[in-house]
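Written out below as structure tokens is the structure these notes cover.
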Amino acid sequence: MTDGLVLSTGAALMLGLAFGAGTCSIVCLPLLGPALVGRGGGRAAAWLTVGAFSLGRLLGYTGIAAAAGLAGQAMAVESPWLMRLFTGLGCMLVGLVILVRAGRRSAGCGDKGSSTVRIMRPMADTGRQRRAVASGSFAMGLGMAFSPCAPLGTVVFAAAALGSVAGGAMLGMAFGAGATVIPALLFGLGVSSVAWRLRLHLAGQRVLLERLAGGFLVLLGCALLMGCVRL
């Protein structure tokens, strides 16, 4: 068993809160920002994206700490390679959905994008598109959980010292809850509102805005998979 740090679930939660209130929110911006701007769809669509992303991170942190507790040692479970894989594929999937929606709108029914009502009631996603966005957002969040960071390293060492799957999972879940709650509120309420206002202001260029957001996510996903970009 690894000798070292003893960490309570309360301390892990506070550690996650401090992490989530700092650099974590900034790192999530290139992923969730374009997704919220490109998708539109109001509060429900925004929370689908943000909620799936947050759930992916929470389960990722829980699994990582549980694995360390099972092994009884601080394994190299924080993996930049897995981060690039899941986050890159998730980015590409969400970006492609946005591009498909933009294509449907462009080829569609004479929507010139000038009406406020059309902004507030955008073209509805199909069930397949909603599932794809949720899956892509979940993958992005799961990938971010594998990004090496000092606070997570502390939780992993403490989980390894416990030598318990359940104990490690509790530490990871507490850390994940703290790390995701502030970014979820920030993006679900603040950034999504800014994205809605941006789409309203640029109503006549809605298709272009969606293509730019979707294209950015696809390119970012490719760059992450190729290791050209680090988050």
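Observations
- Checking the stated criteria, Gly204 turns out not to satisfy the condition of being farther than 30 Å from Leu13 by Cα, outside any helix (DSSP H, G or I) and touching a residue at least 24 places away in the same chain (Cβ under 8 Å).
- Qualifying position, being farther than 25 Å from Ala46 by Cα, surrounded by 21 or more Cβ atoms within 10 Å (Cβ to Cβ) and either in contact with a His (Cβ under 8 Å, 6 or more places away or on another chain) or of a type in the set (Val, Ile, Thr) (or both), among Val229, Val156: Val156
- Pairing residues of the range 209-231 that are on the phi < 0 side of the Ramachandran plot with residues that are outside any helix (DSSP H, G or I) and surrounded by fewer than 18 Cβ atoms within 10 Å (Cβ to Cβ), at Cβ distances under 7 Å and at least 6 apart in sequence or on separate chains, gives Leu209/Leu202; Leu220/Val229; Ala223/Val229.
- Conditions (1) touching an Asp or Glu at 6+ places or on another chain (Cβ under 9 Å); (2) of a type in the set (A, V, I, L, M); (3) in a loop (DSSP other than H, G, I, E, B): number failed by Leu231: (1)
- Residue count, the range 163-184 (criterion: over 20 Å from the mean Cα position of the chain (by Cα) and buried (at least 24 other Cβ atoms within 10 Å of the Cβ)): 2
Every number here is computed from the coordinates shown, using simple stated rules; none is lab data. All figures in this text were calculated on a predicted structure; none of them were measured in a lab. No Cβ is skipped: glycine too gets one built from the backbone with ideal geometry, and neighbour counts run over all protein chains shown.
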